[in-house]
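The values are calculated or read from the model by the stated rules, or taken from the named source; none is laboratory data. On a predicted model such as this, the values are computed, not experimentally measured, just so you know. Cβ placement follows ideal geometry from the backbone for every residue including glycine, while neighbour counts extend to all protein chains displayed. With ligands, DNA and RNA removed, areas are computed over all heavy atoms of the protein, side chains included. Shrake-Rupley method; radii C 1.70, N 1.55, O 1.52, S 1.80 Å.
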Amino acid sequence: MATTSTITLRVRADRARVTFATIVGTTVEWYDYFVYAAMAGLVFGKLFFEPAGAGVATILSFATVGISFLFRPLGAFLAGHFGDKLGRRMVLVVTLLVMGVATTAIGLLPTYEQIGMAAPLLLILLRVLQGVSAGGEWGGAVLMAVEHAPRGQRGRYGAAPQIGVPLGLLLSSGVMALMTGVISPGDAFEEWGWRVPFLLSIVLIGIGYFVRRSVEESPVFAQIAERKAQTKAPLMQLLRTFPLLVLLAALSFAGQNATGYMTTGGFIQNYATGDALGMERTPVLLAVTGSAVTWLVFTWVAGWLSDRIGRRTTYIIGWVSLLVALAALFPLVNTGDPVLLFLGLALLTVGLGLAYGPQAAWFAELFPASVRFSGVSISYALGSILGGAFSPMISAWLLQQTGSTLSITLYLSVMVAIALVATLLLRDRMGIPLGPDHEDEQRVGAVYGRR
């Protein structure tokens, strides 16, 4: 018979395995996603859209980044439906494989010069598959982490899949800096070097698949399945019962996502290496890589902090930090100095981390167990569309129309202000029970306003 200490050790081991699996899986997913976004800013305009002219090609290239966001809700709907009915783990494995296949295929794709219009069309199709995968990935990863966590440590455990985003940025920017600076500098990068980061995805996918297959199903879903309490149509129930909650949660994420895609969406890379500043690719990519480290650190700190001072309070600190960082970003970037470029991005990622670390725990605590996967996934996907989907393209358009980065700063500041208002309208429900036994007492009329 197992002793109490043996059971405790087993539980801790299971939680550590889940934490590691969510970090590895989300890192691989977002590595794939960010490699595409950075390439859109660096070379895709020339390789796939050059006949449109330099300026329009840049906008079209960034538009393909945004198009994938339009398909995130589809991924969220599918993942939410099957995640609430069949389990979290199965969805995580499927989304990882879809993302990996699409990313590897991009690395093998002929350019416009080789096959004409078929090249951008195939590129868009593969980007759509990436969007569907990303739409389903986040909800499953955060629920596996949060639903396995002790009640008082959900913020810290929930930050594990969150740091997969800056880790993915760190890995993708590092690999690209290696390609542009060492392995395939100059014209070689445009000829063949850009393909290598995409092709490396197949190795990372193999690692992620093995790790994710090794984890146990979420204990909350296991309890639901044991009692046969799965909702037949979780999406319909969610939208019928909690539409305002979904909207507010989405808006709270939109400000962070719009600002984050200044780096992850390729805009800063394009702006700094283009005609505006004319900086070399490698120093810019190294600055982005360095800022990914600060993003990672403050995402983890924010998860820990939210367990002590609350999710909403941590969010508010993040929004204020972002507004300050936005005021300083372009004055630092416009110097053309790689060190000051890094400083501007580092300041930005401090606020990004503080407004991202608590998100997993907060979103999970907002929705009842039977529709939780659908709730967090759809809120995240809608927030991505409202925030990051076209922020690089909008920023490029604003820069072309006004000739000033001030318009971009104002646009992003408005997005952050909207997110701040949405945050203030939601309740902080830190520590509420997550299992199906407590749904009635958690719910309707108790998720808005002050705690």
### Query
Percent of accessible area on the stretch 253-311 owned by carbon and sulfur, 1.4 Å probe?
62 percent
### Summary
Quick calc, the stretch 14-113, dipole around Cα centre from Cβ unit charges on Lys, Arg (+) and Asp, Glu (-), nearest 20 debye, gives 400 debye
## Note on the structure
Dimensionless Rg/Rh of the chain, both radii on Cα and Rh by Kirkwood, sits at 0.97
### Query
Based only on the alpha carbon positions, what is the Kirkwood hydrodynamic radius of the stretch 51-210, in angstrom?
17.4 Å
### Query
Among 371, 396, 247, whose Cα lies farthest out toward the positive end of the dipole of the chain, if unit charges sit on the beta carbon of Lys, Arg (+1) and Asp, Glu (-1)?
371
### Summary
The set of residues whose placed amide H lies less than 5 Å from the amide H of residue 426, leaving out same-chain residues fewer than 5 positions away, is 449
### Task
Treating only the Cβ atoms of Lys and Arg (+1) and Asp and Glu (-1) as charged, compute the dipole magnitude of the chain about its Cα centre; round to the nearest 20 debye.
1480 debye
### Message
With every protein chain kept in place and ligands, DNA and RNA left out, what is the accessible area per residue of the chain? Probe 1.4 Å, answer in Å².
### Response
37 Å²
### Query
What's the FRET efficiency of residue 402 with residue 244 using the Cβ-Cβ distance as r and R₀ = 35 Å, to the nearest 0.05?
0.50
### Task
Compute the acute angle (0 to 90°) between the alpha-carbon long axis of helix 72-86 and the principal axis of greatest extent of the alpha-carbon atoms of the chain; round to the nearest 10°.
30 degrees
#### Entry: Contour excess over end-to-end distance, with Cα ends at residue 125 and residue 317 and 0.36 nm allotted per residue
65.2 nm
### Task
Could you tell me what percent of the accessible area of the stretch 326-429 is made up of carbon and sulfur, with a 1.4 Å probe and every protein chain present?
77 percent
### Query
Of the peptides 91-99, 108-116, 44-52, how do they stack up when ordered by the mean number of other Cβ atoms within 10 Å, highest first?
91-99, 44-52, 108-116
## Note on the structure
Rounded to the nearest 0.05, FRET efficiency between residue 199 and residue 304 (Cβ-Cβ, R0 30 Å) equals 0.25
## Note on the structure
Per residue convex hull volume, Cα only, the stretch 306-367, in Å³ is 73 Å³
### Query
At what distance in angstrom do the alpha carbon centres of the stretch 298-374 and the stretch 132-174 lie from each other?
14 Å
## Note on the structure
For 37-43, 327-333, ranked highest to lowest by mean beta-carbon neighbours within 10 Å, the order is 37-43, 327-333
### Message
What does the net charge come to around residue 129 if you take all other residues with beta carbon closer than 13 Å to its beta carbon, with K and R at +1 and D and E at -1?
### Response
-1
### Query
Given labels modelled 7 Å from the Cα in the Cβ direction, how far is it in nm from residue 297 to residue 417?
3.2 nm
### Query
Nearest 10 degrees, 0 to 90: what angle lies between the long axis of helix 118-148 and the longest principal axis of the chain (Cα atoms)?
30 degrees
### Summary
In terms of the charge dipole of the stretch 28-105, which places +1 on Lys and Arg and -1 on Asp and Glu at the beta carbon, the residue among 39, 105, 28 farthest towards the positive end is 28
### Query
In degrees from 0 to 90, rounded to the nearest 10, what is the angle of the helix 311-333 Cα long axis to the longest principal axis of the chain?
10 degrees
### Query
Rounded to the nearest 20 Debye, what is the dipole magnitude of the stretch 51-176 about its Cα centre when Lys and Arg each give +1 and Asp and Glu each give -1 at the C-beta?
460 debye
